[in-house]
2 protein chains.
Amino acid sequence: MDIATLREKHSDHWMKACAIRALAMDAVQAANSGHPGMPMGMADMATVLFEKHLKFDASAPKWADRDRFILSAGHGSMLIYALLYLTGYEDVTLEQIKNFRQWGAITAGHPEYGHVAGVETTTGPLGQGIANSVGFAMAEESLRARFGAKVVDHTTWVIAGDGCLMEGISQEAIGLAGMQKLGKLIVLWDNNSISIDGPISMSDVTDQRARFAASGWKVVSCDGHDPVDIDRALTEAKGSDRPVLVDCKTHIGFGSPKKQDSAGAHGSPLGPDEIKATKAIYGWDHDAFVVPEAILTAWRAIGARGAAARAEWEGRMAALSPAKRAEFERQMSLGAPKKLAAAIRAVKKEASEKLTKVATRKASEMVLAAVNPVMPETIGGSADLTGSNLTKTADLGIFTPANRKGRHVHYGIREHGMAAAMNGMVLHGGVRPYGGTFLCFTDYARGAMRLSALMGVPSVYVMTHDSIGLGEDGPTHQPVEHLAICRATPNTWTFRPADVVETAEAWELALTTTTTPSVLALSRQNLPTVRTAHTAKNLTAQGGYVLAEATGKRRAILMATGSEVEIAMKARDLLEAEGIGTRVVSMPCMELFAAQPEAYRKRVLPAGPVRVAVEAAVRQPWDRFLLGERGSEKKAAFVGMEGFGASAPAERLYAEFGITAEAVAAKVKALL
Amino acid sequence: MDIATLREKHSDHWMKACAIRALAMDAVQAANSGHPGMPMGMADMATVLFEKHLKFDASAPKWADRDRFILSAGHGSMLIYALLYLTGYEDVTLEQIKNFRQWGAITAGHPEYGHVAGVETTTGPLGQGIANSVGFAMAEESLRARFGAKVVDHTTWVIAGDGCLMEGISQEAIGLAGMQKLGKLIVLWDNNSISIDGPISMSDVTDQRARFAASGWKVVSCDGHDPVDIDRALTEAKGSDRPVLVDCKTHIGFGSPKKQDSAGAHGSPLGPDEIKATKAIYGWDHDAFVVPEAILTAWRAIGARGAAARAEWEGRMAALSPAKRAEFERQMSLGAPKKLAAAIRAVKKEASEKLTKVATRKASEMVLAAVNPVMPETIGGSADLTGSNLTKTADLGIFTPANRKGRHVHYGIREHGMAAAMNGMVLHGGVRPYGGTFLCFTDYARGAMRLSALMGVPSVYVMTHDSIGLGEDGPTHQPVEHLAICRATPNTWTFRPADVVETAEAWELALTTTTTPSVLALSRQNLPTVRTAHTAKNLTAQGGYVLAEATGKRRAILMATGSEVEIAMKARDLLEAEGIGTRVVSMPCMELFAAQPEAYRKRVLPAGPVRVAVEAAVRQPWDRFLLGERGSEKKAAFVGMEGFGASAPAERLYAEFGITAEAVAAKVKALL
């Protein structure tokens, strides 16, 4: 539909949509950076969506049963900021719009979760939003099954661009959503045929409609500028029994005389002259950042449109039993249940008493077997390695279209899609997701794992087969740099527990934090219980602690994690047998150790003794504790990996790469 | 087709295929680990492919014009080892087959490039092989356009499983190949409906044929066990004007009475009894690892089948002019041209003389403008950030179906697919690929970047916008941990050059190595030339060097990389003005510095002065040089990032995060 027709036949709609466009042009111009073309192209879609379909109440952005609106094409951030300002979200003032992309403003360059109520997830890295949205929709299905449609019944709406759809992660999301028949997931594709480099045809010939249909999606199309056609398409999209793609044919930079339908509208300000010319074409005769009162009032009415529905919902919530309501609220806010601590303690106690010898991946399964019954909000899963990651405990059931109460997800071979879906579940609320693959395939999920950390979302990554201990599958499957990768990432807890006890403690921390994702690096191979004396206290919470003290004069400190703690303990035996007093420090979480008070760290790592760290991985994260924290180069050594692994049985690999108790003891003696 | 029919009507074929199956079962059993089901399922496909279609000569595995055979489903490694043994590849002896997955054997758990002639690329991490294969096919097109179809005219054959097709990277590969109309790329899909967790239907409903067709592929189907139908399908697949998917309907673990068509056949030995029962069904009455002479002879004849074609090709090669032949051989072996050194030197000299002030991404473009004309084998590209990464120099032309001589690729928004395609190009030979995205999106390409390092493939990653200096796009686009990630990865050169001169030196190293991938971390913002005195010598080759010496007594050493070298130089000015003798060490490549002799490192980093490192990233990789290398905790400090960035103009961010010359000088003074 052309602008003349819109101005003439749909003037109310047009002026509302132009308010979005004008704000986007003005804010990008003021910031001298940003992406005006996408908000200008999708303003009509967004206006109809917010005016007629999206269930929301701007005065209650955290209303649990609101529809979720996810701007996967996050570079078009001014679209969402304009919508939130216009509909009356309290935090998003005109001042914030004017400060778009400036230090301290909540209106960041890309939408950042936690800055702005109404931004449901951080987007910008392309494809993440659409993949998060699968998790949102899964969480909604799970909660609806558990609490009933009277209190949980909402839709997840996504705006995705060609960039989102070209990223591989989108295929994982599309495949997963299609298999799961997520009928309340609706993706609006901003089909504007332009990417940063130019026309899409320069890099892609994909028929997106056919592609989505191939994975079981319903496909609807519309003229993305015609409000009547948009309304028809969105109406058709609702109530589907499978996820829906709405192909919205739009013009990037709609109305800009020189830049519409060109890459020039994508990522740069239009310039004052072009803005002026565009506004003239719109019939928008207002200064920068000015939205006439009548139009603002109309938008504010849209923002208040959901108030009645929310009040009714609150009535239905009030009708729930107090216990059920409290449980709903606990799960939505990610609060840990009271029974968790006791469940963890019981696992620890039994392991310390029985001296259980299992792989830590098995230990993780044992912990989950105790935790899952007391945390109905956990949803586990694996990227097609269920029997290896051991994420599925006995009574979880499988989450499928026929069994929304199931709590284990067969994610398929989709590590990135799994991680992003987990983020979406946490962000939705009501679900504590954990998902497994091999630690090495952190590589495939990095994009989403980083966003867990950046958003402060406590997704739990169950990363088994965490070293050359994986054995015969060889170096493609053996992580050596991945612990360093996780530890280099801010706001990420990298746990590498040594036995059942530390595994239980790590899980307790991972399931109680509301702000930090956890990576559990777990062994394939069996490990002895090293925490032989039961403590109610969670020692892993200190990150590192004295596991075994030197007898007599302390001349050496051995530091280790995970499967190498056993090696350190054996090395201690060798050294003590020669009269060399040796302390062993288990370091299951460097980040938590580094966060301890100096006095504690000094007690654990006093100056004086030689230090040897042992970990079947690269040294990079260890220098801090070997050379720093009162250490010194002349009295420190590392036993670990210098390059990639190899294909052979695990024991042979440990021997060939020199990660043995004998090698550790020899290093100590060479330093004394 | 069932086994009874095969045994009766196609007994020659059947026995050859059963030789593969028997070896796969026996080797996995002997190793007590591995994946027998896939080789058993794809043996018929592979037999027909090798017998009738694949252009190869087992006695000359490096024949430049051979067809490439890529086992993307790398877990089925015994398929390729069996084929190579049976057809007579010299290295793959029966002894090696018997030592499958053992220490020192070339028959690693997954096929490892460089271990075995005939293994064209390392596979195992799913989806990599199919994505590599796009690069192989692109390299073939490029070389054919440049050297003519008389000497370059071959096909890339791929075996991919459901795992490969579920990974997101496959969509990037499919989309890129479809757009590029790579008619000589043929993917055989092992459509066996089983993954590790069970039936594919548990995790996917995708109609793969429709999906590939949606991206412009030709689709052919066949009964993957019927040799006649297979031959028909492979014949149909050849000579296409677009890439081809062959949907091969197969049975995993074909013939195993208890495990056929089940996940049980996927990743475990069948067990002696089941092997015995299966061999009985096959009519294969031979001891483990025994292939009857007649069958081996038939297979060896297949291995020799291409000898005549190769001899003819050698005749055609001989008919080329000596100069053209030499150039072909140089490019195929990745040798750098003689003119490269002079081109690099000229860029360096001019920059040192003119004191050029540009962003290092712009410096990179200047270097490429000098290099590309003397290296016709370079193929640049960008994942839809061409104007930001500055990878396209003036005369490259665009690589498209209509212009195979073009040397810049619009990869689309496909970082992972781009990286994997680059690996494929290097492995094919004749192409030196480089490709760009933002450093932060290393996250999206990690799976393939790790394989560059593991394989020793010199792909070049042009990673611009390498810090908070990116500015307003905010923390989703600002790397802080990515330098640590690259540096933690073995066999990866992470360059962060400070100016045009170092950028030119980094490029020279990246383009001359034949064994190591390079990451060039380049600034968005302008930087002054700090190498003001021209040196013919490549100082970046030493990794770190003294950029500015202290005047008078040396009391401080500042270390920095990239955009922070300017800050270090300014801090030096501040300190020197106060009489504090300060050396500045530029450290463009930690890996190369660490590889220098101790005596050199000691000259650059002597004991005594305080040390402060400054880099707008996390500290993790720096402890080695701050605390180690004769440093000490009491005399060391770091100025950099502790968490994620923020959205604001770059200068404001540097000030707010305290990465300034003043902050560096203050740290030094606090330590003195």
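Among the residues of region A:398-407, what is the count of those that are more than 13 Å from chain B (Cβ to nearest Cβ) and either out of contact with any helix residue (DSSP H, G or I) (no Cβ under 6 Å at 6 or more places or on another chain) or hydroxyl-bearing (Ser, Thr, Tyr) (or both)? If you could, list the steps in order and put the result at the bottom.
Initial filter on region A:398-407 (more than 13 Å from chain B (Cβ to nearest Cβ)): A:404-405, A:407.
Next, from what is left, pick out any that are either out of contact with any helix residue (DSSP H, G or I) (no Cβ under 6 Å at 6 or more places or on another chain) or hydroxyl-bearing (Ser, Thr, Tyr) (or both): A:407.
Looking only at that region, the number is 1.
From the list B:Ser72, B:Ser77, which residue is on the phi < 0 side of the Ramachandran plot, touching a residue at least 40 places away in the same chain (Cβ under 8 Å) and in contact with a Cys (Cβ under 7 Å, 6 or more places away or on another chain)? It would help to see each step written out before you state the result.
Details: B:Ser77 fails: in contact with a Cys (Cβ under 7 Å, 6 or more places away or on another chain).
On inspection, the qualifying residue turns out to be B:Ser72.
Within region A:167-219, work out how many residues are out of contact with any Leu (no Cβ under 7 Å at 6 or more places or on another chain), part of a strand (DSSP E or B) and either open to solvent by 10 Å² or more (accessible area, probe 1.4 Å) or more than 7 Å from chain B (Cβ to nearest Cβ) (or both).
Within region A:167-219, residues that are out of contact with any Leu (no Cβ under 7 Å at 6 or more places or on another chain), part of a strand (DSSP E or B) and either open to solvent by 10 Å² or more (accessible area, probe 1.4 Å) or more than 7 Å from chain B (Cβ to nearest Cβ) (or both) number 9.
Name every residue in region B:93-122 that is open to solvent by less than 30 Å² (accessible area, probe 1.4 Å), of a type in the set (Ser, Thr, Tyr) and over 22 Å from B:Ala30 (Cα atoms), in order of residue number.
B:Thr121, B:Thr122
When you check B:Gly430 against the structure, is it on the phi < 0 side of the Ramachandran plot and either at the interface with another protein chain (Cβ under 8 Å from one of its Cβ atoms) or touching a helix residue (DSSP H, G or I) at 6+ places or on another chain (Cβ under 6 Å) (or both), yes or no? Write out each step before concluding.
On the way: on the phi < 0 side of the Ramachandran plot: no; either at the interface with another protein chain (Cβ under 8 Å from one of its Cβ atoms) or touching a helix residue (DSSP H, G or I) at 6+ places or on another chain (Cβ under 6 Å) (or both): yes.
In short, no.
If you check every pair at least six apart or on different chains, which have Cβ atoms under 9 Å apart with a residue in region B:84-110 that is within 14 Å of chain A (Cβ to nearest Cβ) and over 19 Å from A:Ala646 (Cα atoms) first and a residue that is acidic (Asp, Glu) and not in a loop (DSSP other than H, G, I, E, B) second?
none
Hey, can you tell me all the residues within region B:549-567 that are more than 30 Å from A:Gly643 (Cβ to Cβ) and open to solvent by less than 10 Å² (accessible area, probe 1.4 Å)?
Filtering region B:549-567 for residues more than 30 Å from A:Gly643 (Cβ to Cβ) gives B:549-556, B:558, B:563, B:566-567.
Answer for region B:549-567, where residues must be more than 30 Å from A:Gly643 (Cβ to Cβ) and open to solvent by less than 10 Å² (accessible area, probe 1.4 Å): B:Ala556, B:Leu558, B:Ser563.
Scan region A:317-334 residue by residue and report those that are out of contact with any strand residue (DSSP E or B) (no Cβ under 9 Å at 6 or more places or on another chain) and surrounded by 13 or more Cβ atoms within 10 Å (Cβ to Cβ). Can you show your working first?
Our first condition is that a residue be out of contact with any strand residue (DSSP E or B) (no Cβ under 9 Å at 6 or more places or on another chain); within region A:317-334, this holds for A:317-330, A:332-333.
The answer is A:Met317, A:Leu320, A:Lys324, A:Arg325, A:Glu327, A:Phe328, A:Glu329, A:Arg330, A:Met332.
Kindly list, by first and then second residue, each pair from a residue in region A:472-490 that is in contact (Cβ under 8 Å) with a residue 60 or more places away in the chain to a residue that is β-branched (Val, Ile, Thr) and open to solvent by 10 Å² or more (accessible area, probe 1.4 Å), limited to pairs with Cβ atoms under 7 Å and residues at least 6 apart or on different chains.
A:Val480/A:Val618; A:Glu481/A:Val618; A:Ala484/A:Val618; A:Ala488/B:Val618
I'd like to check something: does region B:135-154 contain any residue that is closer than 17 Å to B:Val48 by Cα and out of contact with any Lys or Arg (no Cβ under 9 Å at 6 or more places or on another chain)?
Here is the first cut: in region B:135-154, the ones closer than 17 Å to B:Val48 by Cα are none.
Scanning region B:135-154, I find no residue that is closer than 17 Å to B:Val48 by Cα and out of contact with any Lys or Arg (no Cβ under 9 Å at 6 or more places or on another chain), so the answer is no.
Would you tally the residues in region A:395-427 being crowded, with 24+ Cβ neighbours inside 10 Å and on the phi > 0 side of the Ramachandran plot?
The total comes to 1.
Determine, yes or no, whether B:Glu90 is touching a strand residue (DSSP E or B) at 6+ places or on another chain (Cβ under 9 Å), open to solvent by 10 Å² or more (accessible area, probe 1.4 Å) and in a loop (DSSP other than H, G, I, E, B).
Details: touching a strand residue (DSSP E or B) at 6+ places or on another chain (Cβ under 9 Å): no; open to solvent by 10 Å² or more (accessible area, probe 1.4 Å): yes; in a loop (DSSP other than H, G, I, E, B): yes.
In short, no.
Just one of (1) open to solvent by 20 Å² or more (accessible area, probe 1.4 Å); (2) over 31 Å from the mean Cα position of the chain (by Cα) trips up B:Trp284, so point out which.
Evaluating B:Trp284 over (1) open to solvent by 20 Å² or more (accessible area, probe 1.4 Å); (2) over 31 Å from the mean Cα position of the chain (by Cα) leaves (1) as the failure.
What strands (runs of 3 or more DSSP E) completely inside region A:569-672 contain at least 1 residues that are closer than 19 Å to A:Gly544 by Cβ and facing chain B (nearest Cβ under 10 Å)?
Details: elements: A:581-586, A:610-614, A:636-639.
Filter on region A:569-672 gives A:636-639.
Does B:Ala237 satisfy the condition of being open to solvent by less than 10 Å² (accessible area, probe 1.4 Å) and modelled with pLDDT under 95? Let's see the steps before the verdict.
Details: open to solvent by less than 10 Å² (accessible area, probe 1.4 Å): yes; modelled with pLDDT under 95: no.
Considered against the rule, which asks whether it is open to solvent by less than 10 Å² (accessible area, probe 1.4 Å) and modelled with pLDDT under 95, B:Ala237 comes out as no.
Pull up region B:489-534, narrow it to residues that are under 17 Å from the mean Cα position of the chain (by Cα) and among the small types (Gly, Ala, Ser), then point me to the one that is nearest to B:Arg619 (Cα to Cα). Before you say what the answer is, go through the steps one by one.
Just the residues of region B:489-534 that are under 17 Å from the mean Cα position of the chain (by Cα), to begin with: B:489-494, B:510-520.
Subset that is among the small types (Gly, Ala, Ser): B:510, B:518.
Numbers: B:Ala510: 25, B:Ser518: 21 Å.
Among them, the one singled out is B:Ser518.
All but one of (1) outside any helix (DSSP H, G or I); (2) touching a helix residue (DSSP H, G or I) at 6+ places or on another chain (Cβ under 8 Å); (3) not hydrophobic (A, V, I, L, M, F, W, C) hold for A:Gly76; state the number of the condition that does not hold.
Looking at each condition in turn, A:Gly76 falls short on (1).
For (1) under 22 Å from A:Ser195 (Cα atoms); (2) touching a residue at least 40 places away in the same chain (Cβ under 8 Å); (3) within 29 Å of the chain's Cα centre (by Cα), each residue gets a yes or a no:
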residue: A:Ala19; (1), (2), (3): no, yes, no
residue: A:Met25; (1), (2), (3): yes, yes, no
residue: A:Lys52; (1), (2), (3): no, yes, no
residue: A:Ala58; (1), (2), (3): no, yes, yes
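Looking at this structure, is B:Arg619 open to solvent by less than 10 Å² (accessible area, probe 1.4 Å) and under 26 Å from A:Glu629 (Cα atoms)? It would help to see each step written out before you state the result.
Working: open to solvent by less than 10 Å² (accessible area, probe 1.4 Å): no; under 26 Å from A:Glu629 (Cα atoms): yes.
It is false that B:Arg619 is open to solvent by less than 10 Å² (accessible area, probe 1.4 Å) and under 26 Å from A:Glu629 (Cα atoms).
Each row is one residue, and each column tells you yes or no for (1) farther than 21 Å from B:Gly198 by Cα; (2) out of contact with any Phe, Trp or Tyr (no Cβ under 8 Å at 6 or more places or on another chain); (3) outside any loop (DSSP other than H, G, I, E, B); (4) within 13 Å of chain B (Cβ to nearest Cβ).
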{"residue": "A:Ala343", "(1), (2), (3), (4)": "yes, yes, yes, no"}
{"residue": "A:Leu368", "(1), (2), (3), (4)": "yes, no, yes, no"}
{"residue": "A:Leu396", "(1), (2), (3), (4)": "no, yes, no, no"}
{"residue": "A:Met422", "(1), (2), (3), (4)": "yes, no, yes, no"}
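For region B:440-532, list the helices (runs of 4 or more DSSP H) that sit wholly inside it and hold at least 2 residues that are within 13 Å of chain A (Cβ to nearest Cβ); which are they?
Values: elements: B:442-455, B:482-488, B:500-512.
Of the helices (runs of 4 or more DSSP H) lying wholly inside region B:440-532, those with at least 2 residues that are within 13 Å of chain A (Cβ to nearest Cβ) span B:442-455, B:482-488.
Considering region B:377-394 alone, what residues qualify as being of a type outside the set (A, V, I, L, M) and away from chain A (no Cβ under 12 Å)? Outline the logic, then answer.
Within region B:377-394, the subset of a type outside the set (A, V, I, L, M) is B:377-378, B:380-382, B:384, B:386-389, B:391-393.
Within region B:377-394, B:Glu377, B:Thr378, B:Gly380, B:Thr393 qualify.
When you check A:Val152 against the structure, is it part of a loop (DSSP other than H, G, I, E, B), within 14 Å of another protein chain (Cβ to nearest Cβ) and more than 12 Å from A:Phe69 (Cα to Cα), yes or no?
Numbers: part of a loop (DSSP other than H, G, I, E, B): yes; within 14 Å of another protein chain (Cβ to nearest Cβ): no; more than 12 Å from A:Phe69 (Cα to Cα): yes.
Considered against the rule, which asks whether it is part of a loop (DSSP other than H, G, I, E, B), within 14 Å of another protein chain (Cβ to nearest Cβ) and more than 12 Å from A:Phe69 (Cα to Cα), A:Val152 comes out as no.
Out of the residues in region A:1-51 meeting the condition of being hydroxyl-bearing (Ser, Thr, Tyr) and either closer than 13 Å to A:Pro227 by Cβ or in a helix (DSSP H, G or I) (or both), tell me which one is most open to solvent (accessible area, probe 1.4 Å). Talk me through it step by step, then tell me what you get.
Our first condition is that a residue be hydroxyl-bearing (Ser, Thr, Tyr); within region A:1-51, this holds for A:5, A:11, A:33, A:47.
Retained after the next criterion (residues that are either closer than 13 Å to A:Pro227 by Cβ or in a helix (DSSP H, G or I) (or both)): A:5, A:11, A:47.
Working: A:Thr5: 39, A:Ser11: 55, A:Thr47: 0 Å².
Taking the candidates together, the pick is A:Ser11.
Can you find even one residue in region B:345-354 that is among the charged types (D, E, K, R), over 27 Å from B:Gly135 (Cβ atoms) and part of a loop (DSSP other than H, G, I, E, B)? Talk me through it step by step, then tell me what you get.
First pass over region B:345-354, keeping only residues among the charged types (D, E, K, R): B:345, B:348-350, B:353-354.
From what is left, the residues that are over 27 Å from B:Gly135 (Cβ atoms) are B:345, B:348-350, B:353-354.
Subsequent filtering for residues that are part of a loop (DSSP other than H, G, I, E, B) retains none.
No - not one qualifying residue is present in region B:345-354.
Can you find, within region A:122-148, the residue that is nearest to the chain's Cα centre (by Cα) among those that are assigned to a loop (DSSP other than H, G, I, E, B) and more than 15 Å from A:Gly430 (Cα to Cα)? First the steps, then the outcome.
Residues of region A:122-148 assigned to a loop (DSSP other than H, G, I, E, B): A:122-127, A:148.
Adding the requirement that they be more than 15 Å from A:Gly430 (Cα to Cα) leaves A:122-127.
Details: A:Thr122: 9, A:Thr123: 11, A:Gly124: 13, A:Pro125: 12, A:Leu126: 14, A:Gly127: 13 Å.
Restricting to residues being assigned to a loop (DSSP other than H, G, I, E, B) and more than 15 Å from A:Gly430 (Cα to Cα), the top hit is A:Thr122.
Out of the residues in region B:588-611 that are free of Cβ contacts under 8 Å to residues at least 60 places away in the same chain and closer than 16 Å to A:Gln620 by Cβ, state the one that is most open to solvent (accessible area, probe 1.4 Å).
Among those that are free of Cβ contacts under 8 Å to residues at least 60 places away in the same chain and closer than 16 Å to A:Gln620 by Cβ, it is B:Ala595.
The values are calculated or read from the model by the stated rules, or taken from the named source; none is laboratory data. The structure presented is a predicted model; accordingly, all values stated were derived computationally and were not measured. Note that we place each Cβ from the backbone using ideal geometry, even for glycine, and neighbour counts take in every protein chain shown. Accessible surface is based on the protein model in full, side chains and every heavy atom, while ligands, DNA and RNA are left aside. Shrake-Rupley method; radii C 1.70, N 1.55, O 1.52, S 1.80 Å.
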